[in-house]
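Chemist: What follows is a single structure, and I will ask about it in a moment.
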Amino acid sequence: MASEESRTVTSQQIRTPEAPTTPGPATRAWATRLLMVGIVLTALNLRPAITSLGALLEEVRDGLGMSGSVAGLLTSVPPLCFAVFGVAAPRLARRFGPAAVVCVGMVAIGAGLLVRPYTHSTAGFLAASALTLMGIAVSNVLMPVIVKRWFPDRVGSMTGLYSMALALGTAAAAAVTVPMTEALGGSWQSGLAIWSVLAVVAVLPWIPFVRQRGAGSAGTAAAPREHARVEAPVLRITRSRTAWALAVYFGLQATGAYITMGWMAQIFRDAGVHAGTAGLLLAVTMVMGVPLAFVIPRLATRLPHQGPIVLALGACGLVGYAGLYLAPAAGSWAWAVLLGISNCSFPLALTMVGMRARTSAGVAQLSGFAQSTGYLLSIPGPLLVGVLYQHSGGWSLPIALMTALLIPQMVVGVLAGRNRTVEDEAAR
């Protein structure tokens, strides 16, 4: 009798809605592979909305009648949306599950990309861009959470895979948007809208996971059953100096990245470089992240302190900005490579998010705090570059601003790279 009761209780525990019957090895392998495909496709969609616009910014400005200041506002919209919508991602993940939120995020990206070129007004273009960026924002925050929960023993390699795919999507959009626009008849609307197809494809792998709220429910072997749902945040994250350092580091690297994505092609075009070549130079900057985004996270997880990597990336950025100031056209390819290396601060920041917290709940809260706060801090940068460009008539002051921001970025990056966790600091 006792044995029968024990079996009954065990059966009830296993077959709760949050913890379904343990799947077989074949099911787990299938779910793991599909989840990896979903992560890669999601990462491919997280930057084309921005870099495709950067490649065609002059055409968009002419088509919609934008001033330089308004164009600077347009390049500030991504970090604004990431800050506003990213903070809601952990709460949405607790309510609906991270996979469902990412799936809806891909739908939002596709819809916004399809609609925004045909709104025929600056306000409509900004509104549709905000819809796209909302989808990007929640996916940005939840990717480290998904990696930590589904692949807790492979944080470095999976973050590297995700970051490499993100860099590949960024570079591809920068490289092919201009020639693809010409192939589609020269319409910048078609050149921007075509990227919605990639977002539609990215929806598909997440559909089987939409009704499964937890990592364990997805059928992977890595995630324990007791963590089937994203736990409620319990940390007083603002007490952690590491969390603040990581947030500021995230914000400063995002400032540099969005200035680069939004304005670097224009810098080269103003220096006399052909529009197609300027797009290729932006693509080179972005494509540097493809191999390095895979290598840097793996290297970072093997080091007790990530400060040396922070300093090396910052030094590349300083040399690259100096080259843009002194000889933008003559050494354009070298400056594009160096700035591409410097922009690999993003995968390093993502890796440190996974390393500076012990639990998936801690990662969720740290990711939301660091990315939302960081993107909030990055909002003025691209806008200020646009204002300085319009009122100074050149790039000397904007480039000086970009260079100056790298110094505090290196300082807080070293602080964020120390071997400690936010749980310990928040407890103290």
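The values are calculated or read from the model by the stated rules, or taken from the named source; none is laboratory data. In this text the structure is predicted, and so the values were computed from the model without any measurement. Cβ atoms come from the backbone with ideal geometry, glycine included; neighbour counts cover every protein chain shown. Side chains are part of the model used for accessible areas, which takes the heavy atoms of the whole protein and leaves out ligands, DNA and RNA. Shrake-Rupley method; radii C 1.70, N 1.55, O 1.52, S 1.80 Å.
Chemist: To the nearest 10 square angstrom, what accessible area does residue 305 show with a 1.4 Å probe?
Modeler: Ignoring ligands and nucleic acids, residue 305 comes out at about 60 Å².
Chemist: Segment 245-280 to segment 304-355: how many Å between their Cα centroids?
Modeler: For segment 245-280 versus segment 304-355, the Cα centre distance is 12 Å.
Chemist: Another question, then. When a/c is below 1.5 the answer is rounded, else prolate if a/b is larger than b/c, else oblate, so apply that to segment 266-343 with a ≥ b ≥ c taken from the square roots of the Cα gyration tensor eigenvalues. Spell out each step's value before the answer.
Modeler: Numbers: a/c = 4.52, a/b = 2.00, b/c = 2.26.
In terms of gyration-tensor shape, oblate.
Chemist: Quick one: net charge of residue 279's neighbours, Cβ under 13 Å, K/R +1, D/E -1? Can you show the working numbers first?
Modeler: Details: positive: 269; negative: 58, 59, 182.
Result for the neighbourhood of residue 279: -2.
Chemist: Output ³J(HN,Hα) for segment 261-266: one whole-Hz value per residue in order, computed from phi by the Karplus curve 6.51 cos²θ - 1.76 cosθ + 1.60 with θ = phi - 60°, and x for Gly and Pro.
Modeler: Per residue, the Karplus-derived 3J(HN,Hα) values read 5, x, 10, 5, 4, 5 Hz.
Chemist: Then there's this: Could you give the nm distance between label points at residue 274 and residue 91, where each point is 7 Å from its Cα heading toward the beta carbon?
Modeler: 5.2 nm
Chemist: Next question, about the same structure. Pick the calculated mean projected area of the Cα convex hull in nm² for this structure from (i) 20.7; (ii) 24.0; (iii) 17.5?
Modeler: Evaluating mean projected area of the Cα convex hull in nm² on these atoms matches (i).
Chemist: Can you list the HN-Hα couplings for segment 135-141, worked out from phi with the Karplus curve (6.51, -1.76, 1.60; θ = phi - 60°), rounded to whole Hz and with x for Gly and Pro?
Modeler: x, 5, 4, 5, 5, 3, 5
Chemist: So what is the calculated 222 nm ellipticity per residue for the chain, using -39500 (n - 2.57) for each DSSP H run with n of 4 or more, over all residues, to the nearest 500 deg cm²/dmol? Working shown, then result.
Modeler: On the way: 21 runs with 324 residues, N = 428.
About -25000 deg cm²/dmol.
Chemist: With springs only between Cα atoms under 10 Å apart, run a GNM on the chain and tell me which of 153, 62, 270 wobbles the most.
Modeler: 62
Chemist: When the Karplus curve 6.51 cos²θ - 1.76 cosθ + 1.60 is applied with θ = phi - 60°, which whole-Hz ³J(HN,Hα) does each residue of segment 52-64 get, with x for Gly and Pro?
Modeler: 5, 5, x, 5, 10, 4, 5, 5, 5, 4, 5, x, 9
Chemist: Hey, another quick one. What is the extension gain from residue 397 to residue 118, computed as 0.36 nm multiplied by their sequence separation minus the C-alpha to C-alpha distance, in nm to one decimal? Mind dumping the intermediate values first?
Modeler: Details: separation 279, 0.36 × 279 = 100.44 nm, distance 3.43 nm.
Length difference between fully extended and current span is 97.0 nm.
Chemist: Applying 1/(1 + (r/R0)^6) with R0 = 41 Å to the Cβ-Cβ distance of residue 333 and residue 67, what FRET efficiency is obtained, to the nearest 0.05?
Modeler: Details: r = 31 Å, r/R0 = 0.76.
So the FRET efficiency works out to roughly 0.85.
Chemist: Right, something else. Relative contact order, percent, of segment 320-428 when contacts are C-alpha pairs under 8 Å separated by at least 6 residues? Could you put the intermediate results ahead of the total?
Modeler: Values: 51 pairs, mean separation 37.0, N = 109.
Averaging sequence separation for qualifying contacts and normalising by length gives 34 percent for segment 320-428.
Chemist: Run the numbers on the chain and let me know its relative contact order in percent, using alpha-carbon pairs under 8 Å that are six or more apart.
Modeler: Working: 781 pairs, mean separation 111.8, N = 428.
Taking the mean separation of contacting Cα pairs over the length of the chain, I get 26 percent.
Chemist: Another question about this same structure. Going highest first, how would you order 181-188, 380-387, 52-59 by mean Cβ packing within 10 Å?
Modeler: 52-59, 380-387, 181-188
Chemist: Amide H of residue 395 versus every other amide H placed in the peptide plane: which residues, excluding those fewer than 5 positions away on the same chain, fall under 5 Å?
Modeler: Answer set, sorted by chain and number: none.
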